[in-house]
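Chemist: Please find one structure pasted underneath; my questions will follow.
The values are calculated or read from the model by the stated rules, or taken from the named source; none is laboratory data. A quick note: this is a predicted structure, and the numbers were derived from the prediction, not measured. Reconstructed Cβ throughout: ideal geometry from the backbone, glycine too, with neighbour counts over all protein chains shown. Just the protein is used for accessible areas: all its heavy atoms, side chains included, with ligands, DNA and RNA removed. Shrake-Rupley method; radii C 1.70, N 1.55, O 1.52, S 1.80 Å.
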Amino acid sequence: MFERGGRQWDRVGTIRLPASLWFEDYSSLSVAGDRMVVVSQASSVLWVGRLQPSSWELADDEGIWVFPPDREGRTVYCNVEGVSWVAPDRVVVVSDRAKREGQDQQCRAKDQSIHVFTIPGLS
């Protein structure tokens, strides 16, 4: 965690994610109040946790949600690059451009897009 210093950003802490997270990468995170969301581009998943009110320590692991696949069960949210809270149970996610080489064709279905997801079970 960083906060603005006089002429630079000063490191003030670290948020330690649970060791149980099996993500291949972490492409973005967002914190709003005590809620935290992390997305993975490579794993096409979203994780939600809650922070302690008085620190940057994790208080609760709310769970992992896999982004919806296509009708054949293939990953289509292959390029998730950003996430932000818009409501206590809703996030907006943005997708980068699909790679021209080395990425499956179905990844183009959701590239360069803005997506809004309601996360089941959160309030």
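Chemist: Using the crude model of +1 on Lys and Arg Cβ and -1 on Asp and Glu Cβ, and no other charge, please compute the dipole size for the chain relative to its Cα centre, in debye to 20. Walk me through the numbers before you get to the answer.
Modeler: Values: 14 positive and 17 negative charges, 69 e Å.
Taking the Cα centre of the chain as origin, the dipole is about 340 debye.
Chemist: Continuing with the same structure: Quick check: the distance between the Cα centres of region 37-95 and region 15-32, to the nearest angstrom?
Modeler: When both Cα centres are located, 9 Å separates them.
Chemist: Charges only on Cβ, +1 for Lys and Arg, -1 for Asp and Glu: so what's the dipole of region 70-118 about the Cα centre, in debye to the nearest 20? It would help to have the intermediate numbers written out before the result.
Modeler: Values: 8 positive and 8 negative charges, 20 e Å.
Once rounded to the nearest 20, the dipole reads 100 debye.
Chemist: With Cβ to Cβ distances under 13 Å as the rule, what net charge do the other residues near V80 carry (K, R +1; D, E -1)? Before the final figure, lay out each step's value.
Modeler: Values: positive: R97, K110; negative: E24, D25, E81, D96, D111.
So the environment of V80 carries a net charge of -3.
Chemist: Work from the charge dipole of the chain (Cβ charges, +1 for Lys and Arg, -1 for Asp and Glu, about the Cα centre) and give the residue of I119, V45, A98 farthest towards its positive end.
Modeler: Of the options given, the answer is A98.
Chemist: In region 1-107, what percent of the accessible surface is made up of carbon and sulfur (1.4 Å probe, ligands and nucleic acids excluded)?
Modeler: Values: 3010 of 6590 Å².
About 46 percent, which is the carbon plus sulfur part of the accessible surface.
Chemist: Could you work out the local net charge near P53, counting Lys and Arg as +1, Asp and Glu as -1, over the other residues with Cβ closer than 14 Å to its Cβ? Write down the numbers at each step before the final one.
Modeler: Details: positive: R35, R50; negative: D34, E57, D60.
For residues surrounding P53, the net value is -1.
Chemist: Add +1 for every Lys or Arg and -1 for every Asp or Glu among the other residues with Cβ under 10 Å from the Cβ of Q41, and state the total. The partial results should precede the final answer.
Modeler: Details: positive: none; negative: E24, D25, E81, D96.
That sum, taken over residues with Cβ under 10 Å, equals -4.
Chemist: Modelling each spin label as a point 7 Å along the Cα-to-Cβ direction, I'd like the T118/K99 distance in nm, to one decimal.
Modeler: Taking the simple label geometry, T118 and K99 are separated by 3.5 nm.
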